[in-house]
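The values are calculated or read from the model by the stated rules, or taken from the named source; none is laboratory data. Given the structure is predicted, the values throughout are model-derived calculations rather than measurements. Positions of Cβ are generated from backbone atoms using ideal geometry, with glycine treated the same way; all protein chains shown enter the neighbour counts. We work out accessible area using only protein heavy atoms, side chains counted, and drop any ligands, DNA or RNA first. Shrake-Rupley method; radii C 1.70, N 1.55, O 1.52, S 1.80 Å.
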Amino acid sequence: MFERIREDVSSVFARDPAARNTFEVLTNYPGLHALLLHRLAHKVWLGGFKWLARCISTFSRWLTGIEIHPGATIGRRFFIDHGMGVVIGETAEIGDDVTLYQGVTLGGTTLNKGKRHPTLGNGVIVGAGAKVLGPFTVGDNAKVGSNAVVTKAVPEGATVVGIPGRIIRKRQVDEARRQAMAEKMGFDAYAVTSDMPDPTAQAITAMLDHLHAVEFRIETMCQALREKGVDCGEAGLPKLKDEDFESVSVKQRKAPAAEDA
């Protein structure tokens, strides 16, 4: 038991930079309190003492603001950040290393008995306010964006955003190629990804794809010329500086300050 508690505390430190020491985590993290009380309630539930298990669950909800049905199955290193308003239904199944944020609901969409709630694979992250509703599986290492409403299965490693939830698959090869191109040009393309439907990010992504195609074509031409004995030179791409991306107004504001100095 104490080994599991140490593991739970370590998972808090790994996923919450605000955690300062073990005593603080043990006394002030409602997600940890709810998890420990759920383990007790779940054992009582499996022992056949349903009413007592529900009483423990109700006390846990009163204490932490997190409602976990004692029948839910939860894996190791489960972490609920902040936690207020989290609801986990009776037939929900949660894998290892799963993270939920405040306001998450793992709910059902039917009044029939049996499997009604979702199954979360290992390493799943569910953002604040998201609703995962129905007896389907969210694959390992998938991510559910904040306030998304998910009613269909989510593939492994995918990201779901919006209402209703839209699955956005990662293109690992393209992302690696774009990152390499960005680094070669001399700037960091952090957060430039198709997973984020941001117009600016999409524009930069398109530019990186175009630059990659141009570079590939030029390199092919140079290779053909070298085979013919023509020297194409070895000039690399010039480095880009932060000043190159500043607006004119910013440069104008800096100029008077420099003159006054």
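As an exercise, use a Förster radius of 45 Å and the Cβ-Cβ distance of residue 18 and residue 219 to find the FRET efficiency, rounded to the nearest 0.05.
Plugging the Cβ-Cβ distance into 1/(1 + (r/R0)^6) gives 0.40.
Give me the net charge for the shell around residue 41: Cβ to Cβ below 15 angstrom, other residues only, Lys and Arg +1, Asp and Glu -1.
Once all neighbours under 15 Å are counted, the net charge is +3.
Can you run phi through the Karplus equation (6.51, -1.76, 1.60; θ = phi - 60°) for the stretch 118-133 and list ³J(HN,Hα) in whole Hz, with x for Gly and Pro?
x, 10, 9, x, 5, x, 6, 10, 10, x, 4, x, 6, 10, 10, 10
Order the peptides 142-149, 97-104 from the highest to the lowest mean number of other Cβ atoms within 10 Å of their residues.
97-104, 142-149
For residue 15, what accessible surface area do you get with a 1.4 Å probe? Give it in Å², rounded to 10.
About 60 Å², rounded to the nearest 10.
At 1.4 Å probe size, with every protein chain present, just tell me what the per residue accessible area of the stretch 12-135 comes to in Å².
48
Can you tell me the FRET efficiency between residue 59 and residue 140 if r is taken as the Cβ-Cβ distance and R0 is 25 Å, rounded to the nearest 0.05?
The calculated FRET efficiency here is 0.15.
If packing is taken as the average number of other Cβ atoms within 10 Å across a peptide's residues, how do 85-91, 20-26 rank, most packed first?
The peptides rank, most packed first, as 85-91, 20-26.
Can you list which of the trypsin sites (Lys or Arg not before Pro) found in the stretch 89-122 are DSSP loop residues with at most 14 other C-beta atoms within 10 Å?
Here the trypsin sites (Lys or Arg not before Pro) that fit, given the DSSP loop and packing criteria, are 113.
Any chance you could look up the accessible area of residue 140 with a 1.4 Å probe, heavy atoms only, rounded to 10 Å²?
60
Which percent of the accessible area of the stretch 1-84 is formed by carbon and sulfur heavy atoms (probe 1.4 angstrom)?
Looking at the stretch 1-84 in its full context, I get 65 percent from C and S.
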